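Colleague: After the structure tokens below, expect a handful of questions from me.
Nothing in this text is a laboratory measurement; each read-out follows from the coordinates by a stated rule. Note that the structure is predicted; figures quoted are calculated from it, not measured. Cβ: placed from backbone, ideal geometry, glycine included. Neighbour counts: every protein chain shown.
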Amino acid sequence: MNKDWLKLIPAAVALLAIPALAQTGKGDVVYVPTPQVVVDEMLKMAKVGAKDYLIDLGSGDGRIVITAAKRLGARGFGVDLDQYLLKIANASAQKEGIADRARFIEQNLFETDLSQATVITSYLLPEMNRKLRPRLLALKPGTRVVAHDYSMGEWNADEEKTLIVPEKTVGDAGKSYIYLYIVPAHVGGTWESQILIGSQAVPYAFNFDQEFQVVTGQMRAGASEVSLPRFKVSGDEVSFNVTATVGGGPVIHRFRGWVKGDAIEGNVTVSGETTGQRVIPWAAKQTARRQMRMGSDGVAEAGRK
């Protein structure tokens, strides 16, 4: 039996052990293909389109990038360490006429430049997700990350689905779990602004404490200080409601803004007996930065957080 044929043997023996599910990060690769129905759902959940640049970490035969390019018009590349699979993937891209939009390179995924990506896909083991998590959270806000079977642990998914996949024999046989994450803007720290309440410019300060996409903290409006409700950052968008005493009476604030580096630009709808209801421009400047807390856990097994 020649060596090339050995590479084609399904990973039946290796799959008896969970560590055989993906690249280890040390140069060893065992190929386990993602079922096509799962590929299709991953791309659907990430809303992949012609403007997207997709990077697949551990790309195998290239089916995710090829599907995204052929059916949805996206561009991108996959990385893998198996030269045989890379040849198959690049040959498939040529055959489908999309080699200008889909390519595959030999590279360790931990050394891959992810900065071009608007979408990242993966089918990686828990410890690999844990190692990748800080790099993913450092990407441009709004980047979508879609993981097959294994979640990002304490970083809760923005959306998740379970698919019945009878042909799947690894992990939780017969089921696939898909997790979608939207990389959040980093907003932890102190932000200051002035908001026109009636005819008076009132100083506001926000102290945000962020863990992944979840934010808690305090708001000071003039002399009034209140706790903020728990809210989520969705990509570069922040949105939350809070009531504070301003101008002698309680005022409901509905904030919505978009983070642009150390600035937030948006609007706030205020309503109260002393203010009536008005939509007011809201701009905030970050005056002190606080690191995002990223958890300390390992990462879940298939289908578990």
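Colleague: Take residue 245 and residue 135, extend 7 Å from each Cα along the Cα→Cβ direction, and tell me the distance between the two endpoints in nm.
Modeller: 5.2
Colleague: Hey, rough spin-label estimate for residue 44 and residue 200, points 7 angstrom out along Cα→Cβ, what's it come to in nanometres?
Modeller: In this crude label model, residue 44 to residue 200 measures out at 5.5 nm.
Colleague: If neighbour count is taken as other Cβ atoms inside 10 Å, put 158, 40 in order from fewest to most.
Modeller: 40, 158
Colleague: Still on this structure: Working from Cα positions, state the angle (0 to 90°, nearest 10) between the long axis of helix 83-95 and the longest principal axis of the chain.
Modeller: Around 80 degrees separate the two axes.
Colleague: Shifting gears a bit: Per residue of the stretch 143-149, what does 6.51 cos²θ - 1.76 cosθ + 1.60 with θ = phi - 60° give for ³J(HN,Hα)? Whole Hz please, x for Gly and Pro, Karplus curve as stated.
Modeller: Each residue of the stretch 143-149 in turn: 4, 9, 10, 10, 10, 9, 6 Hz.
Colleague: While we're here: Give me the angle, in degrees from 0 to 90, between the Cα long axis of helix 63-72 and the longest principal axis of the Cα atoms of the chain, rounded to the nearest 10.
Modeller: Taking the Cα atoms of the chain, the angle to 63-72 is about 60 degrees.
Colleague: Amide H neighbours of residue 175 under 5 Å, at least 5 residues apart or on other chains, H built in the peptide plane: list them.
Modeller: Residues meeting the amide H criterion: 165.
Colleague: Same structure again: At a Förster radius of 25 Å, what calculated FRET efficiency corresponds to the Cβ-Cβ distance of residue 172 and residue 36, to the nearest 0.05?
Modeller: The formula returns an efficiency of 0.85 here.
Colleague: Below 11 angstrom from the Cβ of residue 116, what's the summed charge of the other residues (Lys, Arg +1; Asp, Glu -1)?
Modeller: 0
Colleague: Can you give the local net charge around residue 272? Use residues other than it whose beta-carbon is closer than 13 angstrom to its beta-carbon, Lys and Arg +1, Asp and Glu -1.
Modeller: Charge balance in the 13 Å sphere: +1.
Colleague: Additional query: For residue 117, which sequence-distant residues (separation of 5 or more, or a different chain) have an amide H within less than 5 Å of its own amide H, given hydrogens modelled in the peptide plane?
Modeller: Under 5 Å from the amide H of residue 117 lies no amide H from a residue far enough along the sequence or on another chain.
Colleague: Tell me, how many Å apart are the Cα centres for the stretch 165-234 and for the stretch 245-295?
Modeller: So the two Cα centres are separated by 13 Å.
Colleague: Continuing with this model, one more query. Using the beta-carbon distance between residue 115 and residue 227 and R0 = 51 Å, what value does 1/(1 + (r/R0)^6) give for FRET efficiency, to the nearest 0.05?
Modeller: Once rounded, the FRET efficiency stands at 0.90.
Colleague: Additional query: For residue 251, what residues show an amide H to amide H distance below 5 Å, using hydrogens built from the backbone and excluding near sequence neighbours?
Modeller: 244, 245, 246
Colleague: Follow-up question, since we're still on this one. Quick check on the exposure proxy: order 115, 193 from fewest to most C-beta atoms within 10 angstrom.
Modeller: 115, 193
Colleague: Here's a follow-up. Which whole-Hz couplings ³J(HN,Hα) result when phi for each residue of the stretch 150-166 is put into the Karplus expression 6.51 cos²θ - 1.76 cosθ + 1.60, θ = phi - 60°, listed in order with x for Gly and Pro?
Modeller: Rounded to whole hertz, the list is 10, 7, 9, x, 5, 7, 5, 5, 6, 7, 8, 9, 10, 10, 8, 10, x.
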